Amino acid sequence: LLAIWDDNDYGMNDGDRTFALKEKSTEVFYSFFAQKNRALGFERGPGISSVWAAFGVNFVLLDNRTFRSPDGLDINDQTHFGPDQESWLSALLEKSADPLIAVSGDQFFGGYHKFESYEGNHPKSFALSVAQWKKVLREPLVFVSGDRHLSEIIKVPKEVLGFPTYELT
């Protein structure tokens, strides 16, 4: 069982790095999803992120709360996943010889609506990440996300990453 959280799992609606109980939330998360008997190919990343290489695919679960800057602020260190996790993801993308499925508790693309998404809440960081992904990607990347309380398939145009792909919510 692999798991990642979103805001209410984290313990605060639309929570971010300023949440006073984030360390306690991490303890609670690992009490439910300890992953003590890790599968072959499983590695932990920054925060509660992880990657599992299996079936010729890398499943990358991203922590969208622990390092996230508060929404709606135009600050220099605006981030959705935090610098360490963003660097970790870029390194995975660069070295991967297999397709990747990136999983987040909220949407990556979704700047067109008022709900949480990487693109909508942290547009500067999103633009920098997409440019970095496009530079280092050697294999296809598909996005899987949640928190919208609906299902959606977003077609990501070829010009965004250099190949057509999708986000499944």
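Please indicate, with yes or no, whether at least one residue in the range 21-39 is in contact with an Asp or Glu (Cβ under 6 Å, 6 or more places away or on another chain) and in contact (Cβ under 8 Å) with a residue 40 or more places away in the chain. Scanning the range 21-39, I find no residue that is in contact with an Asp or Glu (Cβ under 6 Å, 6 or more places away or on another chain) and in contact (Cβ under 8 Å) with a residue 40 or more places away in the chain, so the answer is no.
Within the range 82-98, being outside any helix (DSSP H, G or I) and open to solvent by less than 50 Å² (accessible area, probe 1.4 Å) holds for Gly82, Ser96. Inspect all residues belonging to the range 35-58 and state whether any of them is in contact with a helix residue (DSSP H, G or I) (Cβ under 8 Å, 6 or more places away or on another chain), of a type in the set (Ser, Thr, Tyr), under 24 Å from Leu141 (Cα atoms) and modelled with pLDDT of 90 or more. Yes, the range 35-58 contains at least one residue that is in contact with a helix residue (DSSP H, G or I) (Cβ under 8 Å, 6 or more places away or on another chain), of a type in the set (Ser, Thr, Tyr), under 24 Å from Leu141 (Cα atoms) and modelled with pLDDT of 90 or more. Within the range 134-156, residues that are among the aromatic types (Phe, Trp, Tyr) reach partners that are open to solvent by less than 100 Å² (accessible area, probe 1.4 Å) and modelled with pLDDT of 90 or more with beta carbons closer than 6 Å, at six or more positions or on different chains, in the pairs Phe143/Ala102; Phe143/Phe108; Phe143/Glu167. On inspection, Val103 passes the criterion of being under 29 Å from Lys158 (Cα atoms) and touching a residue at least 60 places away in the same chain (Cβ under 8 Å).
Note on the range 1-53: among residues that are open to solvent by 70 Å² or more (accessible area, probe 1.4 Å) and among the polar types (S, T, N, Q), the one that is nearest to Asp84 (Cα to Cα) is Thr18. Summed over the range 106-119, residues that are of a type outside the set (Lys, Arg) and either more than 15 Å from Val156 (Cβ to Cβ) or modelled with pLDDT under 90 (or both) total 7. Considering the range 121-136, the residues that are touching a Leu at 6+ places or on another chain (Cβ under 9 Å) and of a type in the set (A, V, I, L, M) include one that is modelled with the lowest pLDDT, namely Val136.
The strands (runs of 3 or more DSSP E) found wholly in the range 1-81 and carrying at least 3 residues that are closer than 22 Å to Phe109 by Cβ occupy 57-62.
The values are calculated or read from the model by the stated rules, or taken from the named source; none is laboratory data. All values reported here derive from a predicted model rather than from experimental measurement. Cβ coordinates were reconstructed from backbone atoms using ideal geometry, including for glycine residues, and neighbour counts include every protein chain displayed. Ligands, DNA and RNA are excluded from the accessible area calculation, which covers all protein heavy atoms including side chains. Shrake-Rupley method; radii C 1.70, N 1.55, O 1.52, S 1.80 Å.
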